[in-house]
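Engineer: Once you've had a glance at the structure underneath, I'll fire off some questions.
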Amino acid sequence: MKIESVFDISFREYGKIVEGLPLEELLDALANTVKPTDGVVYVPEERTLEQTPAKQVLEEHVYGGMPIQIGFCNGTNTKLNCMEYHRDSEINIPCEDMVLLLAKESELRQHHLDTTSVRAFLVPAGTAVEVYATTLHYAPCDAKKGNGFRVAVVLPKGTNTEKPDITMRNSEDRLLWARNKWLIAHADTSEAQEGAFVGLDGVNIDIATIIE
């Protein structure tokens, strides 16, 4: 596996760079959020991020007036572990370099994905990227060994909160892990032990050996 750049043409299949956002205050607030050194923490909504000018601009210009939430995903990680998708795009805005492991929903076969389909993309600090709804993704990875990451995560309001209580109607319902969150896990993960659908086939990718 090689690490590509979100500025490469190859990224266009998975997402795009989002320009014109007032990010200075958001990035300053993000830099003050907690960053675990032994794992990853995800918070769907963070008041200090949502009080910055970026929220209104994101809501109006990126999500077309839909209500949004701004949270964060911080910590240290080098593994794939799982992949998820939503019914809408996700905006990621890191204040430290990070790597995203991505694949396409169209590559799923009966909700299974061969991990050889996964590609790695470097997102430089301060770069806002849209990850398309049809792009499988999960927690970011370190861009530098042991450095960790802090990334603001923008999604429609309510996403990744409590899973709705539904009656199973189709096979995809087995993947529903939280509100507006469909999850596919590798067998070698805590999510699988907790009951997540095991659909990642092959090696649980670890980029530890290809970052410095």
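The values are calculated or read from the model by the stated rules, or taken from the named source; none is laboratory data. Only a predicted model underlies this, so the values are computations on that prediction, with no experimental measurement involved. Note: ideal-geometry Cβ built from the backbone for every residue, glycine included; neighbour counts use all protein chains shown. When the accessible area is computed, the model is the full protein with side chains, heavy atoms only, and any ligands, DNA or RNA have been set aside. Shrake-Rupley method; radii C 1.70, N 1.55, O 1.52, S 1.80 Å.
Engineer: About its Cα centre, how strong a charge dipole does the chain have in debye, to the nearest 20, once Lys and Arg get +1 and Asp and Glu get -1 at the Cβ?
Structural biologist: Once rounded to the nearest 20, the dipole reads 240 debye.
Engineer: Same structure again: Using a basic spin-label model with each label point 7 Å from the Cα along Cα→Cβ, how many nm lie between H61 and K145?
Structural biologist: 4.0 nm
Engineer: Per the 1.4 Å probe, what fraction of the accessible area of the range 70-138, in percent, lies on carbon and sulfur atoms?
Structural biologist: Roughly 45 percent, rounded to a whole number.
Engineer: In addition: Using a simple spin-label model with points 7 Å from Cα along the Cα→Cβ vector, what separation in nm is obtained for E13 and L176?
Structural biologist: 3.1 nm
Engineer: If you don't mind, there's one more thing I want to ask. Counting only protein chains, not ligands or nucleic acids, how are V62, V6 ordered by accessible area (probe 1.4 Å), most first?
Structural biologist: Solvent-accessible surface, decreasing: V62, V6.
Engineer: Right, something else. Which percent of the accessible area of the range 158-208 is formed by carbon and sulfur heavy atoms (probe 1.4 angstrom)?
Structural biologist: Solvent-exposed carbon and sulfur of the range 158-208 make up 45 percent of the total.
Engineer: Rounded to the nearest whole Å², what accessible area per residue is found for the range 76-212 with the 1.4 Å probe?
Structural biologist: 43 Å²
Engineer: Give me the net charge of L101's neighbourhood, meaning all other residues with Cβ under 12 Å from the Cβ of L101; Lys, Arg count +1, Asp, Glu -1.
Structural biologist: Here the charged neighbours net out to -2.
Engineer: Let me ask you something else. Give the cross-link partners of K16 among the lysines, using a straight C-alpha distance below 18 Å as the criterion and excluding same-chain residues fewer than 8 apart.
Structural biologist: Of all the lysines, those that pass the test against K16 - Cα under 18 Å, at least 8 places apart if same chain - are K104.
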